[in-house]
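Structure, as structure tokens:
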Amino acid sequence: MFHNRQNESMLSSFVLPISLVCLFALSALILTFLGSESYKHIKANYDDTAEATVAVSYLSTKVRQNNRENAITVVHRGDGDRLEILEHIGEKAYRTVIYCQDGVLYESTFLDGQPDGLAANAMRVADLDALRVRAEGSGLLKFEVTGKDGAVHAFSQSVVGVGSLEAGDAQ
């Protein structure tokens, strides 16, 4: 009889705490795994949204900086829309082209008329799936920025004067 009570006492003082510790460790591992999966999902969504937000802010700032008569032109091409900005500094004219190609938003600034200036001076701005720009009348630009996650971020900005060209009319 004494031996049975000793076994029960050993069971309650050793096995039960060990099993509770193992249960706690298993629960902690499961929670850590679930938390890491949630974090990865949240981080991926944040990265996609951040890139689109950078593009929206960048485009808005560029339009505000160059809001002059006949400075901004929207060019519609087969491979996507482009925003072209013409700026005169001293005796020279510079053209800035903002476009989306292969999932990346680029800016290229070069001397107006410079051959191969677009490709030679392209700088990455943000990762995007698409950029769509429309000129509504002569005083409004409508932008649609499609992020890597497929979400479309649309905004409009008023301008002094804007031109719109089809691919055959563009330089």
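The values are calculated or read from the model by the stated rules, or taken from the named source; none is laboratory data. Keep in mind the model is a prediction, meaning the values are calculated, not measured. Here the Cβ positions follow ideal geometry from the backbone for every residue, glycine too, while neighbour counts run over all protein chains shown.
Here are some notes:
- Contacts under 6 angstrom Cβ, first residue in the range 42-56 being of a type in the set (A, V, I, L, M, F, W, C), partner surrounded by 18 or more Cβ atoms within 10 Å (Cβ to Cβ) and at pLDDT 80 or above, 6 or more apart: Ala52/Val145; Ala52/Gly147; Val54/Ala126; Ala55/Leu105; Ala55/Ala126; Ala55/Leu128; Ala55/Val145; Val56/Val145
- Residue count, the range 133-151 (criterion: outside any loop (DSSP other than H, G, I, E, B) and out of contact with any helix residue (DSSP H, G or I) (no Cβ under 9 Å at 6 or more places or on another chain)): 6
- Residue within the range 99-108 that is among the hydroxyl-bearing types (Ser, Thr, Tyr), without any contact (Cβ under 8 Å) to a residue 40 or more places away in the chain and either farther than 25 Å from Gly150 by Cβ or exposed (fewer than 14 other Cβ atoms within 10 Å of the Cβ) (or both) present: yes
- Restricted to the range 114-147, and to residues there that are free of Cβ contacts under 8 Å to residues at least 40 places away in the same chain, among the hydrophobic types (A, V, I, L, M, F, W, C) and touching a Ser or Thr at 6+ places or on another chain (Cβ under 6 Å), the residue that is farthest from Gly103 (Cα to Cα) is Leu140.
- In the set Arg82, Arg68, Arg95, only one residue is of a type in the set (Lys, Arg), touching a strand residue (DSSP E or B) at 6+ places or on another chain (Cβ under 7 Å) and more than 13 Å from Leu141 (Cα to Cα); that residue is Arg95.
- Checking each residue in the range 62-92 for being buried (at least 16 other Cβ atoms within 10 Å of the Cβ) and hydrophobic (A, V, I, L, M, F, W, C) picks out Val63, Ala71, Ile72, Val74, Val75, Leu83, Ile85, Leu86.
- Members of the range 108-132 found to be under 16 Å from Thr53 (Cα atoms) and in a strand (DSSP E or B), listed by number: Arg124, Val125, Ala126, Asp127, Ala130, Leu131, Arg132
- Here Val145, Val125, Val160 are screened, and the one residue that is touching an Asp or Glu at 6+ places or on another chain (Cβ under 7 Å) and at pLDDT 90 or above is Val125.
- Any hit, the range 111-127, residues being of a type in the set (Val, Ile, Thr) and more than 23 Å from the chain's Cα centre (by Cα): no
- Lone qualifier among Lys148, Lys142 - being within 30 Å of Asn45 (Cα to Cα), under 17 Å from the mean Cα position of the chain (by Cα) and of a type outside the set (Val, Ile, Thr): Lys148
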